[in-house]
Amino acid sequence: MLLLLLLAPVLQAGYIPPGPLYRCPEKPLLLFPCECEAAGDSGLSIRCENSNLASLSVGIANLATLNAPVDRLTFSKCHFS
């Protein structure tokens, strides 16, 4: 009991919140040419930049295999013609 009282000021317990519910993939090349910008509880934030439609279709198809919702999907400087 005495040991517990001596260690009580040293031992501090606290709540450590869990990480986001949906996380970015560990292998970033899985989504190429897209990138996962942020993970979150409502979904992933994905950015696709400077790519063509064929490459985007592969990246988006791989994104579908993650079974994670997409909160924001941004296409920037892409070539659709």
ask   = Which ones in the stretch 39-57 are in contact with a Lys or Arg (Cβ under 9 Å, 6 or more places away or on another chain) and exposed (fewer than 12 other Cβ atoms within 10 Å of the Cβ)?
value = Asn50
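When the stretch 32-42 is examined, which residues are found to be farther than 13 Å from Thr74 by Cβ and more than 8 Å from the chain's Cα centre (by Cα)?
Correct list: Phe32, Asp41, Ser42.
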query = Pairs under 6 Å by beta carbon, first residue farther than 22 Å from Leu21 by Cα in the stretch 53-68, partner surrounded by 11 or more Cβ atoms within 10 Å (Cβ to Cβ), six or more apart or different chains?
reply = Ser55/Pro33; Leu56/Cys48
inquiry  = Name the single residue that is nearest to Glu35 (Cα to Cα) among those in the stretch 58-81 being surrounded by 11 or more Cβ atoms within 10 Å (Cβ to Cβ) and among the polar types (S, T, N, Q).
reply    = Thr74
task = Among residues belonging to the stretch 40-59 that are in contact with a strand residue (DSSP E or B) (Cβ under 6 Å, 6 or more places away or on another chain) and part of a loop (DSSP other than H, G, I, E, B), point out the one that is farthest from Val70 (Cα to Cα).
result = Ser42
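Since every read-out is calculated from the coordinates, none of them should be taken as a lab result. Note that the coordinates shown come from a computational prediction; the quantities given were computed from them, not determined experimentally. A quick note on method: Cβ atoms are made from the backbone with ideal geometry, for glycine too, and the neighbour counts reach across all protein chains shown.
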